[in-house]
Amino acid sequence: MSTTTTAPSAGTATQAAPSTGMRFTGWAANYIDERTSASTAVKTLGRKIFPDHWSFMLGEVALYSFIVILISGTFLTFFFDPSMTEVEYSGSYVPLQGIPMSVAYHTALDISFEIRGGLLMRQVHHWAALLFVASVALHMLRVFFTGAFRKPRELNWVIGFLLFVMAMALGFTGYSLPDDMLSGNGLRIIDGMIKGIPVVGAWISYLFFGDEFPGTQIIQRLYILHIMLLPAITIALIGVHMLLLIVNKHTQFAAPGRTNDNVVGAPVMPTFAAKAGGFFFIVFGFIVLIASLFTINPIWNYGPYDPSPVSAGTQPDWYIGWADGALRLMPPNLDWVIFGYTLPMGVLIPTVVMLVFLALIAVYPFLEAWVTGDKREHHIAERPRNAPVRTGIGAAAVVFYCGLWAAASSDLIATHFRVTLEGVIHTLQFITVVGPFIAYWITKRVCLALQRKDREMALHGFETGRIVRLPGGEYIEVHEQLDDYERWKLVAHDEYQPLMIRPDDNGRITVRQRVRAGLSRWFFEDRVAPVTQREIEAQKH
Amino acid sequence: MADIHDDRDEAVAPSTEVATVDDHSAAAPATAVVRADRIPNPGFPPHRPRVTDLDPKKEKQAERTISALFLLSIVGSVLAVVAYFAFPIDQANPGSVRLNNLFLGLGITLALLGVGIGAVHWSKALMHSHEEVEMRHPTRGSDESRTKAVEIFSQANKESGFTRRSLVRNTLIGAVAVTPIPAVVMFRDLAGDDDPVALLKQTMWDEGVRLCRDPSGTPIRAADVTIGSAFHVIPEGLAELEYHRIEEKAKAAVLLMRLPVDELNEDPAKADWSYDGIVAYSKICTHVGCPVALYEQQTHHLLCPCHQSQFDVANHCEVIFGPAARPLPQLPITVDDEGFLVARSDFRDPVGPTFWEINR
């Protein structure tokens, strides 16, 4: 790279006597630039524009909570020993004294009870992890519902999806490390699910645990995954995610002056940097505040892992809930025996359903692009109401996920609301199977109704609440027109119409085209046309 | 930020007429309707100054607030260090952990939030508030660089003969594809030499092994098991195992219950597996292996707290609700000469979660 910078320090030195600080800054900047050509990066990125909207903050929360996880996690590694060697507890927590336990559990207790700030860092780490997965999920929902995954951002959606999977994997491996009763039972469930895999299940379990369950290896193995392999992958993915964000530039919502060809907002230096940097400290401070006030994962209450006892009302961390709930919702007696080999469908069906659900999330942008055939770049984030079918699909997915998620608390729902456990399970089975369709239908109708309302408002203005009596005795409410700036948000969206089936060059209509046309009709058949200039003109007369 | 301008774009300053959406998209809109009489973008609205832009007093005040927040942050850091020493952990007093956690945490919170809120307030109240505009450019590289890229690839192809020397290329691809195989094989020693399927089908239970209480390991007399009671049971000798104790327990844990004989519906073939209404069943759920720890003595139902599978003890522990598919395996028991409960054999069916070879 040959970047020719104009004779650097000479220019600044001759200008009216700069202070010592300035001289040092100039010298340091020159020193670095002559060795790294950093000025090019500053020139390219320093005034990059970032648009503003509250929902763009969700991805930031995810990034910042991940940094908090790295910081607090590093502290924890200095004290934690993932060994499963059995020792007798000798620490200061009286109820467990003399009880045999693994070194991992012992050191996790020591972090909590012997090291000043250790409990705080454990809780910061755990709360930050919960927030991380939550903000990743909300960020994904924001991107989905605003169509921000459309070209050119499909690949970044896939990377974000992988980050979501990584977040869950990091969460689960970390959660299992203290080797307490609760997390041990979580591993036991994983073991049961692995054993159910056709053909190789028993072997995979045996190799994974290094022995029969639970063995003496699993915590160390999960530890390596948790502190090295998975974070390395996650950091790399975040790097690519950010890089593509810079290349693609951020989406923005429709507003006066904003088009598909520009990006309007604050420059990185100084405004966005101050805001984002400050927001990192706010997220960090918020996590530490929660960690200092609220207990999370009190492992000392659970005791060391023992395969025989278990406490009632156990629940995993929230992001694993949907998987646990999926297991709970299966009806009984679903072992299929084929040629003497056994398929535990009660475990396999939920596993496959979850994998298909995740796969659909990953490929959704490509499906929608195929249906619409839209090859243009999209940089304006759509309002969810202006894509009713997509918003309906999203709502259906959310209801499906939440049905599974709620099922992970089926026993607590039953005891808390004093209803039967069977009733709760059957209700949630209904919600996960039928609920998505209901949610889809309602959401789509609501979106269309909101579009009509927007149209109405764009044409006739808003109700002022001022009632006027006309000379003829008639009462009317005076509507006031929106000005052009206010109206823009309501009329800026695109309109789509279903694909027409047309024969190809050989005069044939392919199945592929029929499917595409069918899907396209499903997407765009019900629609409300945005207001046009002509209608506005007509309205004025 | 307009250094890489593409000549189709013109720099747009706020409040000028702006370009419409399909300006630079050469690509097909497909099913999108492009209307000629779209409402035009009204351009940027007039800038609304903030109170700190208009009133120098407010500006000064904001400046003071921001510095105060930063100073507060310094106070927070100091307080955190003070709390670290002022609230040590006293081994004899568990409450000291709570105080240490609380005050150290609050100090750090103050330190972080002071910086954060201060910086955000600075950016919002004092920094330049005009929105700025940067033009977007199609993400694809320019035609020139795309042509150049193609040239480079074809040149590289020509110089290496990648497509011409197909034998070399194909053998290379084959060789690279095979290299990971040793890595796969090397994972075999993640576990020992035993056959996991065989291991899964056997437990510590055997003829004459006494049923003992968990965790004390004391044997259980048949006479101690009153009607309605339930015992958590481990095999004799398990508590003393030096090696594999937890692994064995994970398979051998048993629940022992006594039901009134007339309420117990027994398979005639297994009539001698129980003793005077005392039955022993595996405690390991046949769903995914949680301990089936909750016994409801009125209904004789066992409930697994993990996924709520329910088993009817009066009817061979068959599944009556929840995701489990197989009844809990029964441990055949009897009484030895001293009146202690003993196993008649190992479980006849494999315990725990279902796996591929379970019925072979």
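Per-structure values
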read-out: Residues being without any contact (Cβ under 8 Å) to a residue 40 or more places away in the chain, touching a Pro at 6+ places or on another chain (Cβ under 8 Å) and of a type outside the set (D, E, K, R) - total across the range B:309-345; value: 10
read-out: Of residues in the range A:118-134 being surrounded by 23 or more Cβ atoms within 10 Å (Cβ to Cβ) and away from every other protein chain (no Cβ under 14 Å), the one farthest from the chain's Cα centre (by Cα); value: A:ALA129
read-out: Residue that is farthest from the other protein chains (Cβ to nearest Cβ), among those in the range A:306-327 that are modelled with pLDDT of 95 or more and within 22 Å of B:ALA253 (Cβ to Cβ); value: A:ASP324
read-out: Test for B:HIS287: is it over 17 Å from B:LEU211 (Cα atoms), of a type outside the set (Ser, Thr, Tyr) and in contact (Cβ under 8 Å) with a residue 40 or more places away in the chain; value: yes
read-out: Leading residue by the ranking (surrounded by the fewest Cβ atoms within 10 Å (Cβ to Cβ)) among those in the range A:369-398 that are under 24 Å from A:VAL515 (Cα atoms) and over 22 Å from the mean Cα position of the chain (by Cα); value: A:LYS375
read-out: Residues of the range A:258-315 that turn out to be hydroxyl-bearing (Ser, Thr, Tyr) and in a helix (DSSP H, G or I), as a count; value: 3
read-out: Where A:ARG508 falls short, out of the listed (1) part of a helix (DSSP H, G or I); (2) more than 10 Å from every other protein chain (Cβ to nearest Cβ); (3) more than 20 Å from B:ASN41 (Cα to Cα); value: (1)
read-out: Residue in the range A:52-74 that is within 25 Å of A:PHE279 (Cβ to Cβ), surrounded by fewer than 19 Cβ atoms within 10 Å (Cβ to Cβ), out of contact with any Pro (no Cβ under 8 Å at 6 or more places or on another chain) and among the acidic types (Asp, Glu) present; value: yes
read-out: Among the candidates B:ILE234, B:ILE284, B:ILE220, residue that is closer than 19 Å to B:THR334 by Cβ, at the interface with another protein chain (Cβ under 10 Å from one of its Cβ atoms) and modelled with pLDDT of 95 or more; value: B:ILE234
read-out: Lone unmet requirement of (1) of a type in the set (D, E, K, R); (2) assigned to a helix (DSSP H, G or I); (3) touching a strand residue (DSSP E or B) at 6+ places or on another chain (Cβ under 8 Å) for A:ARG376; value: (2)
read-out: Any hit, the range A:403-425, residues being surrounded by 19 or more Cβ atoms within 10 Å (Cβ to Cβ), more than 14 Å from every other protein chain (Cβ to nearest Cβ) and without any contact (Cβ under 8 Å) to a residue 40 or more places away in the chain; value: no
read-out: Any hit, the range A:234-249, residues being touching a helix residue (DSSP H, G or I) at 6+ places or on another chain (Cβ under 6 Å), within 13 Å of chain B (Cβ to nearest Cβ) and surrounded by 19 or more Cβ atoms within 10 Å (Cβ to Cβ); value: no
read-out: Elements of type helices (runs of 4 or more DSSP H) in the range B:76-193, at least 3 residues being at the interface with chain A (Cβ under 9 Å from one of its Cβ atoms) and under 30 Å from A:GLU114 (Cα atoms); value: B:95-121
read-out: Answer from A:GLU474, A:GLU463, A:GLU495, A:GLU525 - the residue that is out of contact with any Phe, Trp or Tyr (no Cβ under 8 Å at 6 or more places or on another chain) and at the interface with chain B (Cβ under 10 Å from one of its Cβ atoms); value: A:GLU495
read-out: Residue within the range A:487-499 that is surrounded by fewer than 17 Cβ atoms within 10 Å (Cβ to Cβ), free of Cβ contacts under 8 Å to residues at least 60 places away in the same chain and in contact with a Lys or Arg (Cβ under 8 Å, 6 or more places away or on another chain) present; value: yes
read-out: Residue match in the range A:257-277 (condition: surrounded by fewer than 20 Cβ atoms within 10 Å (Cβ to Cβ), at pLDDT 95 or above and facing chain B (nearest Cβ under 7 Å)); value: yes
read-out: Restricting the range A:334-343 to residues that are facing another protein chain (nearest Cβ under 9 Å) and out of contact with any helix residue (DSSP H, G or I) (no Cβ under 8 Å at 6 or more places or on another chain), the residue that is nearest to A:GLY403 (Cα to Cα); value: A:LEU343
read-out: Odd one out for B:LEU341, checked against (1) in contact with a Phe, Trp or Tyr (Cβ under 8 Å, 6 or more places away or on another chain); (2) under 21 Å from A:LEU187 (Cα atoms); (3) more than 10 Å from chain A (Cβ to nearest Cβ); value: (2)
read-out: Selection count where residues are buried (at least 24 other Cβ atoms within 10 Å of the Cβ) and outside any loop (DSSP other than H, G, I, E, B), scope the range B:292-318; value: 3
read-out: Complete set of residues in the range A:20-36 that are surrounded by 15 or more Cβ atoms within 10 Å (Cβ to Cβ) and in contact (Cβ under 8 Å) with a residue 24 or more places away in the chain; value: A:ASP33
read-out: Residue check for B:ASP312: more than 14 Å from chain A (Cβ to nearest Cβ) and farther than 22 Å from A:TYR305 by Cβ; value: no
read-out: Flag for A:PRO214 being at the interface with another protein chain (Cβ under 8 Å from one of its Cβ atoms), surrounded by fewer than 17 Cβ atoms within 10 Å (Cβ to Cβ) and within 30 Å of B:CYS290 (Cβ to Cβ); value: no
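One line per residue, one yes/no per condition, for (1) among the aliphatic types (A, V, I, L, M); (2) surrounded by 12 or more Cβ atoms within 10 Å (Cβ to Cβ):
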| site | (1), (2) |
| --- | --- |
| A:ILE431 | yes, yes |
| A:VAL434 | yes, yes |
| A:ILE438 | yes, yes |
| A:THR443 | no, yes |
| A:ALA449 | yes, yes |
| A:ARG455 | no, yes |
| A:ALA458 | yes, yes |
| A:ARG466 | no, no |
| A:PRO471 | no, no |
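Per-residue answers, yes or no, for (1) more than 28 Å from B:ILE358 (Cα to Cα); (2) in the same structural domain as B:ARG245 (by TED's automatic domain parsing):
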position	(1), (2)
B:VAL150	yes, no
B:PHE153	yes, no
B:GLY161	yes, no
B:VAL176	yes, no
B:MET204	no, yes
B:ARG213	yes, yes
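The values are calculated or read from the model by the stated rules, or taken from the named source; none is laboratory data. Since this is a predicted model, take the numbers as computed values, not measurements. Virtual Cβ from ideal backbone geometry, glycine too; neighbours counted across all protein chains shown.
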